[in-house]
């Protein structure tokens with residue numbers, strides 16, 4: 001009975017402190033919210049960076065051109081073989097006729113090229129396979145894999161070399177973004193911890209006289225600490241809730257801009273935050289709360305020695 | 001009721017506040033502790049509610065030797081002693097009623113007991129009409145009366161008042177002293193720490209004079225003699 005009575009009183013005092021020290025609560029939560037926004041902005045930039053890299057990677061395709069006299073059956077057999085490889089995402093068959101039509105369409109305003117084509121008299125193109133892979137790293141393997149005795153003699157050209165530099169650059173950029181993001185995240189988290197640590201210390205310092213008074217009228221340490229600890233959790237919960245609102249409002253505002261600027265990227269920041277809400281916001285609330293509790297315990301300790 | 005045996009208190013690094021003090025205060029007494037600034041009066045008061053511990057000697061309250069009291073036992077001691085301070089020590093963001101109730105709440109008193117006692121003690125100090133006020137909305141004298149009301153909620157056997165009139169004008173000071181006398185008449189032992197000559201002389205009660213941490217005089221129905 002006594003335990004529950006004390007617990008209820010601690011909860012009541014925490015709420016009283018929270019609302020009666022309104023401006024202190026507002027300032028503390030503002031610092032928390034700003035810190036969380038910084039962390040989430042970093043997450044957004046990282047995710048957007050990864051999505052951009054992934055999108056570009058997905059657009060990288062390698063074509064294999066077959067000799068003009070190669071039958072479609074052989075090319076389709078090669079297509080089946082490639083699709084059987086786990087590294088291959090998709091293989092599109094382009095027939096010789098389709099290649100000719102596409103070429104003509106592409107150069108419809110270039111009379112010289114079209115005349116040259118007439119001169120040749122016939123279809124100079126062979127069939128082709130357009131390959132996309134799960135990762136640009138896999139292209140080397142895929143192109144080596146196709147060089148079996150069964151298909152090698154029919155292959156006229158592989159245009160991988162053109163993409164090699166691009167793929168390497170993308171891979172490089174992707175790695176840099178990942179490493180840079182991690183370093184930046186670590187740096188920001190460290191700053192965030194220091195800011196929160198200091199904010200709570202200041203909030204506790206403001207109450208140092210009250211802590212002493214509580215002790216002098218017979219409160220035990222837990223009765224004094226309790227409301228402050230609960231307040232730290234309340235600050236964390238309220239700040240996380242405010243920050244969630246801000247993040248979704250910003251995403252709503254940013255999304256059209258992002259899709260215009262990074263046209264063609266299949267990425268919705270809102271959806272990303274929604275899908276990972278529990279993990280992202282839950283973990284931020286948890287970290288904030290644990291940090292708040294730890295700091296409060298640490299900060300209040302010296303004032304309890306009355 | 002209160003016994004000090006060869007009590008010395010030295011603050012670090014090496015500042016002596018009390019030196020070999022021995023005295024006995026009987027139950028129901030009203031004792032004034034007087035002396036100049038730095039004579040050890042406040043240290044003496046702090047020893048009684050374990051805000052300080054003696055460097056040497058014993059402080060015994062009732063049958064309880066609190067000289068080496070454990071940290072966890074201090075709240076239990078303080079719930080049995082009424083304490084009144086010069087600066088009132090009220091919680092600024094709690095109302096008069098909440099400040100008084102707080103002393104009961106920390107001791108785990110039930111809501112019905114709190115509902116009964118708080119109006120009673122506030123009536124004794126004459127603040128029944130100011131339950132919902134915050135300390136900043138009260139005069140110094142009223143704040144001190146709230147502090148006294150708070151100290152009475154556990155019907156303490158001992159009340160320690162450390163310079164309770166230090167921040168008050170003469171009229172309010174006399175009101176507070178009258179209140180302490182009334183509390184003493186109900187049987188509570190009152191230890192008044194003061195450097196107010198007029199108040200101590202008007203009381204005509206036992207006066208213990210401290211000088212440089214030692215007892216300079218201890219006289220029944222004494223006077224302020226510095």
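Quick notes on this structure:
- Residue check for residue A:290: in the same structural domain as residue A:25 (by TED's automatic domain parsing) and farther than 30 Å from residue A:209 by Cβ: no
- Among the candidates A:61, A:67, A:119, residue that is closer than 22 Å to residue A:147 by Cβ and at pLDDT below 85: A:61
- When residues of segment A:166-190 are limited to those that are touching a residue at least 24 places away in the same chain (Cβ under 8 Å) and within 27 Å of residue A:235 (Cβ to Cβ), the one farthest from the other protein chains (Cβ to nearest Cβ): A:184
- Pick from segment A:240-264, criterion within 16 Å of residue A:47 (Cβ to Cβ) and at pLDDT below 85, ranking: surrounded by the most Cβ atoms within 10 Å (Cβ to Cβ): A:258
- Filtered residues of segment A:271-306 (kept if surrounded by 12 or more Cβ atoms within 10 Å (Cβ to Cβ) and farther than 25 Å from residue A:235 by Cα): A:272, A:306
- Meets criteria (over 19 Å from the mean Cα position of the chain (by Cα) and either crowded, with 21+ Cβ neighbours inside 10 Å or part of a helix (DSSP H, G or I) (or both)) for residue B:113: yes
- Residue within segment A:226-239 that is closer than 30 Å to residue B:152 by Cα and at pLDDT below 90 present: no
- Residue selection: residue B:76 fails the criterion of being more than 7 Å from every other protein chain (Cβ to nearest Cβ), over 22 Å from residue B:180 (Cβ atoms) and either touching a residue at least 24 places away in the same chain (Cβ under 8 Å) or in contact with a helix residue (DSSP H, G or I) (Cβ under 8 Å, 6 or more places away or on another chain) (or both).
- Taken over segment B:167-209, the residue count meeting the criterion of being touching a strand residue (DSSP E or B) at 6+ places or on another chain (Cβ under 9 Å) and part of a loop (DSSP other than H, G, I, E, B) is 5.
- Comparison of A:48, A:42, A:83, A:34 shows that the only residue that is away from chain B (no Cβ under 14 Å) and in contact with a strand residue (DSSP E or B) (Cβ under 9 Å, 6 or more places away or on another chain) is A:83.
- Among the residues listed as A:64, A:74, A:113, the single one being more than 30 Å from residue A:183 (Cβ to Cβ), free of Cβ contacts under 8 Å to residues at least 60 places away in the same chain and more than 31 Å from the chain's Cα centre (by Cα): A:113
- Filtering segment A:111-141 to residues that are surrounded by 12 or more Cβ atoms within 10 Å (Cβ to Cβ) and over 30 Å from residue A:53 (Cα atoms) leaves A:113, A:114, A:116, A:117, A:123, A:124, A:125, A:126, A:127.
- In segment A:200-224, the residue that is farthest from residue A:17 (Cα to Cα) out of those that are surrounded by 21 or more Cβ atoms within 10 Å (Cβ to Cβ) and away from every other protein chain (no Cβ under 12 Å) is A:200.
- Only listed residue being away from chain A (no Cβ under 11 Å) and closer than 22 Å to residue B:200 by Cβ, chosen from B:163, B:97, B:142: B:163
- For residue B:45: the one exception among (1) within 13 Å of another protein chain (Cβ to nearest Cβ); (2) free of Cβ contacts under 8 Å to residues at least 60 places away in the same chain: (2)
- Residue among A:25, A:2, A:6 that alone is free of Cβ contacts under 8 Å to residues at least 12 places away in the same chain, within 14 Å of chain B (Cβ to nearest Cβ) and either surrounded by 14 or more Cβ atoms within 10 Å (Cβ to Cβ) or within 30 Å of residue A:223 (Cα to Cα) (or both): A:2
- Picking from residues in segment B:145-160 that are in a loop (DSSP other than H, G, I, E, B), more than 14 Å from residue B:123 (Cβ to Cβ) and within 13 Å of chain A (Cβ to nearest Cβ), the one that is modelled with the highest pLDDT is B:156.
The values are calculated or read from the model by the stated rules, or taken from the named source; none is laboratory data. Owing to the predicted nature of the structure, the values given are computational and were not obtained by experimental measurement. Methodologically, a virtual Cβ is constructed for each residue, glycine included, from the backbone with ideal geometry; neighbour enumeration extends over all protein chains shown.
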